[in-house]
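J.: Once you've had a glance at the structure underneath, I'll fire off some questions.
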Amino acid sequence: MRYKNYVLICGGTACESSKADEIYRNIQKELEANNVHGETQALKTGCFGFCEKGPIVKMLPDESFYVHVKPEDAKELVEEHIVKGRRVTRLLYNKPDCTTSAVASVDDIDFYKKQVRVVLRNCGFIDPEDINEYIARDGYVALEKVLFDISADDVIKELETSGLRGRGGAGFPTWRKWMFTKNTESDQKFIVCNADEGDPGAYMDRSILEGDPHAVLEAMTIAGKTVGASRGYIYIRAEYPLAIHRLEIAIKQAKEGGLLGDNILESGFNFNIEIRLGAGAFVCGEETALLASLEGKRGMPIPRPPFPAVKGLWGKPTIINNVETYANIPAIIRNGGASFAAKGTEASKGTKVFALTGKIANSGLIEVPMGITLREIVYEIGGGIPNGKKFKAVQTGGPSGGMITSEFLDAPIDFDNLTKLGSMMGSGGMIVMDEDDCAVDVTKFYLEFTVEESCGKCTPCRIGGAQLYHYLEKITNGEGTMEDIESMRKISRAMQKASLCALGQTAPNPIISTLKFFEDEYLAHIKDRKCPAGKCQKMIRYVINEKCIGCTACVRKCPVNCITGEKKQMHVIDQAACVKCGECERVCKFAAIVKN
Amino acid sequence: MAESMPVLTELTPELESFIEEWKDKPGNLVMVLHKVQQVYRYIPRDVAFTVSRKLGIPLAKIYGVMTFYHYFKLEKPGEHMISVCMGTACYLKGGDKLLAELQRLLNIGVNGTTEDGKFSLQSVRCVGCCGLAPLITVGPDVYGCLPTDKVAGIVDKYR
């Protein structure tokens, strides 16, 4: 190491929003004030993944892990840790159960123990705005190899050996996409990166682009050389300004360094990458819709085949891969496909990044080998369900996926197993639900999303989705009938078979999955007019019982002034006016307000 | 109500040069609309009309594209745009309550703007900060892990 000490400050969107930049500037200032800036380097890196504990500051070489750091803590961190070599105990990460004293370093943290960081290896380690740091970590070695040492067929063979499958959702073997495009004759071909991360509850692509943008640029250039394309497009959500900013810097630096643009590394190969912004349409994650959007049109899908690999952007052969897929490729070329294939399961090789969120103690971005069990993810990495609540299910695959219940906690997670369980890998959202979450309500939430995001082109998706939503609304309002369930099953089957693209084909998945695993909850809503989780607002009533001492705390809290009663007398809730926000229940210290 | 005919309008120099740069690139429309919205904070009808003439794309087609994507705004938003994240993680952790509280505080509906033009309210799909759920953003500022009773204080900061 060039410096004696390193201070790594997380500069991902989540930490950035909690003043990471100010922390960075304060640390710089303090390093200079204490005259240790010559031997210590402060860096703003990509995401560490442990977003809930942010802003995070990590010290090297001793790997101290400081959490919830505030800008004003900079002085103490520098004076104590850097100058005096003493850890600042109050800021060190604490185990959630508090049984042990402060955890000292990253290796001791459960959240990281089972993780294997391949795609994220540079995230939280290098300064993403400095190409030299990427190069120092073997960056662009793979590109050099592809330009000078190995043939296009070798590249595709390595990808085949690696067993890499698309990380965007469907899991199509990457080497086959590349081979189709390579073998199609055309005067022009295109390389497209799908960074339109639309799945609500997944943010791995954003973190990769923010933390290690050059990995994606390098992989796209490799793809260009392999299939004979000279132009690449990164289609990224406009809602990710920081990722766009870092990509712009990375493209500029790569061009200046002769690693992108004309005559790359004097090999005679030309490749340019342009950033194109998405504009908030989930359907644009579908590849033909994405291409329509790139062409400046409404992002509506067209029937396949022909597949984009053969006839894509402006009718030319086009490779479309997702961000995480690309980010895997430099290491595969550098270290060989076999090293990638050493991790994972029979049909799903390598690692996968998941966004672990929802009702989980340690929420954040994790990277694990394929084949890990859900139990390991939820209880070991995730630290279990907070507030002593009971695990209910995990939703994978977002609005296109389904729920995995506790009986399948020990099933290995890979592409095929998740599909077998009635869910799917999707882009890697993993949303944990506890006993307070209603299966019907969550399903309605997803359907509302897919109805809103349906492009309206094909009838099964446009009308079927709206119908499904209508039934779910009826059921959560306490007006459902048993016939509704049958109708939902029928419509779901029709949508799966007849929709034009994956959005419509998978939109019924949350319904099919919850009808399978939580049919009893549907029945409770329909037959007993009750929401067992107490979530569906139309079906719950808040009532005040005899424990009420008339403290008036609830009266003051009620947003619609529907609670009345004299001081020190039992209060009453006007059910007609109540909006069922539950604030009164939360504020009551005497358990006098109950839901029924 | 019939809308009046749009008229050609003078564009800012920044927008003019952007259009000049992108004019001949294929598939430029979405990028130009992004730039328009960045400059004006929404896409005024007259500007859309002017862009249509400059790019040689019919106005109807431009409106087709504008209305397809959620990101493009046809109405002038308030000075501060408050966005409530309704991604799955935020929803499970009470994003809908934050939205209800903001509607109550500002006395406007979703996608509405306060009469004084100070605030607009919208719900967005996912900000990508799921570790901080539930959260809202006010302009560029992010407020994460937000309990409902803290919302009023945040709004007051921008009044």
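J.: Once label points are set 7 Å from the Cα along Cα→Cβ at both A:Lys420 and B:Leu59, what is their separation, rounded to one decimal in nm?
T.: Going from the A:Lys420 label point to the B:Leu59 one covers 6.0 nm.
J.: Enter the mean number of other protein chain beta carbons within 10 Å of the beta carbon of each residue in B:116-129, as an integer.
T.: The mean count of partner-chain Cβ atoms within 10 Å per residue comes to 5.
J.: As a test of the formula, what do you get for chain B when each DSSP H run with n ≥ 4 contributes -39,500 (n - 2.57) and the sum is divided by the residue count, at 222 nm and rounded to the nearest 500 deg cm²/dmol?
T.: About -12500 deg cm²/dmol.
J.: Using a Förster distance of 41 angstrom, determine the FRET efficiency expected from the C-beta separation of A:Phe590 and B:Cys145, and round it to 0.05. Before the final figure, lay out each step's value.
T.: On the way: r = 28 Å, r/R0 = 0.67.
That pair, A:Phe590 with B:Cys145, gives E of 0.90.
J.: Could you list, bin by bin from short to long, the percent of Cα-Cα pairs of region A:439-527 in 10 Å steps?
T.: 20, 55, 23, 2
J.: Shielding by partners for A:14-20, please: the mean number of other protein chain Cβ atoms within 10 Å of each residue's Cβ.
T.: 4
J.: Within straight cross-link reach of A:Lys177, meaning Cα distance under 19 Å, which aspartates and glutamates are found once same-chain residues fewer than 8 apart are removed?
T.: Leaving aside aspartates and glutamates fewer than 8 places away in the same chain, those within reach of A:Lys177 are A:Asp153, A:Asp154, A:Glu158, A:Glu160, A:Glu185, A:Asp187, A:Glu218, A:Glu286, A:Glu287, A:Glu324.
J.: Using a Förster distance of 35 Å, how high is the FRET efficiency between A:Lys70 and B:Asp116, based on the Cβ-Cβ distance and rounded to 0.05?
T.: Rounded to the nearest 0.05, the efficiency is 0.55.
J.: Every cysteine in chain B with no other Cys Cβ under 4.7 Å from its Cβ, please list them in numeric order.
T.: Those would be B:Cys126, B:Cys129, B:Cys130, B:Cys145, since no other cysteine Cβ in chain B comes under 4.7 Å of theirs.
J.: Would you mind checking A:Lys389/A:Lys527; B:Lys93/B:Lys150; A:Lys457/B:Lys23; A:Lys444/B:Lys150; A:Lys547/A:Lys568 for any pair whose Cα atoms are more than 18 angstrom apart?
T.: Check vs 18 Å cut-off fails for A:Lys389/A:Lys527; A:Lys457/B:Lys23; A:Lys444/B:Lys150.
J.: Between A:Ile150 and A:Arg541, 0.36 nm times their residue separation minus their Cα-Cα distance comes to what?
T.: Stretched fully, the A:Ile150-A:Arg541 segment lengthens by 133.8 nm.
J.: Mind giving me the nanometre distance, one decimal, between the label points for B:Lys25 and A:Ile249, set 7 Å out from Cα along Cα→Cβ?
T.: Label at B:Lys25, label at A:Ile249, 2.1 nm between them.
J.: Cα gyration tensor of chain A, axes a ≥ b ≥ c as square roots of the eigenvalues: rounded (a/c below 1.5), prolate (a/b > b/c) or oblate? Numbers along the way, then the final one.
T.: On the way: a/c = 2.17, a/b = 1.24, b/c = 1.75.
Oblate shape, in that a/c is at least 1.5 and b/c is the bigger or equal ratio.
J.: Listed here are the pairs A:Lys255/A:Lys316; A:Lys359/A:Lys392; A:Lys53/A:Lys359; A:Lys316/B:Lys54; B:Lys54/B:Lys76; which of them are more than 20 Å apart at the Cα? Please list the in-between numbers first.
T.: Details: A:Lys255/A:Lys316 25 Å; A:Lys359/A:Lys392 10 Å; A:Lys53/A:Lys359 15 Å; A:Lys316/B:Lys54 27 Å; B:Lys54/B:Lys76 23 Å.
In this structure, A:Lys255/A:Lys316; A:Lys316/B:Lys54; B:Lys54/B:Lys76 lie more than 20 Å apart at Cα.
J.: Please find the FRET efficiency linking B:Arg104 to A:Asp528, where r is the Cβ-Cβ separation and R0 is fixed at 41 Å, and quote it to the nearest 0.05.
T.: 0.80
J.: Run the quick spin-label model on A:Lys567 and A:Ala411: label points 7 Å from Cα toward the beta carbon, then report their separation in nm to one decimal.
T.: In this crude label model, A:Lys567 to A:Ala411 measures out at 6.0 nm.
J.: If I stretch the segment between A:Asn272 and A:Ala341 completely, what's the gain in nm (0.36 nm per residue apart, minus their alpha carbon distance), one decimal?
T.: Working: separation 69, 0.36 × 69 = 24.84 nm, distance 3.05 nm.
21.8 nm is the gain from fully extending A:Asn272 to A:Ala341.
J.: Residues of A:355-361, mean number of Cβ from any other protein chain within 10 Å of their own Cβ, rounded to a whole number?
T.: Rounded to a whole number, the mean comes out at 5.
J.: Another question, then. Working out 0.36 nm times the residue gap between A:Lys497 and A:Cys551, then minus their Cα-Cα distance, what length gain in nm do you get to one decimal?
T.: 13.6 nm
J.: Something else: Straight-line reach from A:Lys557: which aspartates and glutamates have Cα under 15 Å away, leaving out those fewer than 8 places along the same chain?
T.: A:Asp574, A:Glu583, A:Glu585, B:Glu101, B:Asp149
J.: Now a separate question. Run the helix sum for chain A: -39,500 (n - 2.57) per DSSP H stretch of 4+ residues, divided by residue count, reported at 222 nm to the nearest 500 deg cm²/dmol.
T.: -10000 deg cm²/dmol
J.: Tell me whether region A:5-108 comes out rounded, prolate or oblate; compute the Cα gyration tensor, take square roots of the eigenvalues as a ≥ b ≥ c, and use a/c under 1.5 as the rounded threshold.
T.: oblate
J.: Test of understanding: ordering A:Arg334, B:Arg125, A:Arg176 by Cβ neighbours within 10 Å, fewest first, what list do you get?
T.: On the way: A:Arg334 18, B:Arg125 22, A:Arg176 15.
By the 10 Å Cβ count, ascending: A:Arg176, A:Arg334, B:Arg125.
J.: Could you please report the charge total around A:Tyr326, scoring K, R as +1 and D, E as -1 over all other residues with beta-carbon less than 11 angstrom from its beta-carbon?
T.: The answer is -3.
Each reported figure results from applying straightforward, stated rules to the coordinates on display, with no laboratory input. Everything quoted here is computed from the prediction, not taken from an experiment. Glycine also receives a Cβ, built like all others from the backbone with ideal geometry; neighbour counts cover every protein chain displayed.
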